[in-house]
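**Student:** Let me give you the structure first, and then I'll get to my questions.
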Amino acid sequence: MCLSVFDWAKFRLRKRAVKLHCLFDIKAQIPVFNAITTAKESDIIVAKNSALPKIPDSINVFDRAYNDFDLFYRYEEAGAFFVTRAKENLRFELPGQHDLPKKKAFNLIKSFK
C-alpha cells in the first residue's frame, strides 16, 4: 500500500492500513454494501453509523469482540444472522442445544482445530 495515497489511514508510525467492510449478496454474487475505513475502525461502529442494510437471511461477521446487544437485537428483528467473538466475562445462559448429524458435527469440530 502506498503511504502517500492512504495518508489518512494511519495504523502505526510508518505504516498505513485500510479495512473493507463488505456485505456480499450470495444469491446475486455481488457486494451490496462497501465501506473503506482505517484498520483500527471497529466493525460495530461501521454497522451502527452507516447505511449497512440488515437483510433477512444474511450472515454478518464482526471481527472484534464488542458486544452491542441493541444492535444484535436489530439484526434479529430483521431476520439476519450475526457472528462475533464474546468477551471472556460475558454472562449467558444456554437454553438448549440441538444434536448435529455425526458427519456434520465432525466437520464443524474439525474446522476449529
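The values are calculated or read from the model by the stated rules, or taken from the named source; none is laboratory data. Since this is a predicted model, take the numbers as computed values, not measurements. Please note: Cβ atoms are built from the backbone with ideal geometry, for glycine as well, and neighbour counts cover all protein chains shown.
**Student:** Within region 7-30, how many residues turn out to be among the aromatic types (F, W, Y) and at pLDDT 80 or above? Break it down stepwise before answering.
**Tutor:** Kept after step one, since they are among the aromatic types (F, W, Y), are these residues of region 7-30: 8, 11, 24.
Among the residues that remain, those that are also at pLDDT 80 or above are: 24.
So the count comes out to 1.
**Student:** Just to be sure I understand, how many residues within region 41-80 are closer than 23 Å to K27 by Cα and aromatic (F, W, Y)?
**Tutor:** Matching residues across region 41-80 total 2.
**Student:** Residue check, S4 against (1) surrounded by 13 or more Cβ atoms within 10 Å (Cβ to Cβ); (2) modelled with pLDDT under 80; (3) of a type in the set (S, T, Y), all met but one. Which one?
**Tutor:** Of the numbered conditions (1) surrounded by 13 or more Cβ atoms within 10 Å (Cβ to Cβ); (2) modelled with pLDDT under 80; (3) of a type in the set (S, T, Y), the odd one out for S4 is (1).
**Student:** Among the candidates R91, R85, which residue alone is touching a Lys or Arg at 6+ places or on another chain (Cβ under 9 Å) and exposed (fewer than 15 other Cβ atoms within 10 Å of the Cβ)?
**Tutor:** On the way: R91 fails: touching a Lys or Arg at 6+ places or on another chain (Cβ under 9 Å).
Sole residue among the options that is touching a Lys or Arg at 6+ places or on another chain (Cβ under 9 Å) and exposed (fewer than 15 other Cβ atoms within 10 Å of the Cβ): R85.
**Student:** Against the conditions (1) in a loop (DSSP other than H, G, I, E, B); (2) at pLDDT 70 or above, where does D70 fall short? Just the number, please.
**Tutor:** With respect to (1) in a loop (DSSP other than H, G, I, E, B); (2) at pLDDT 70 or above, D70 is out only on (1).
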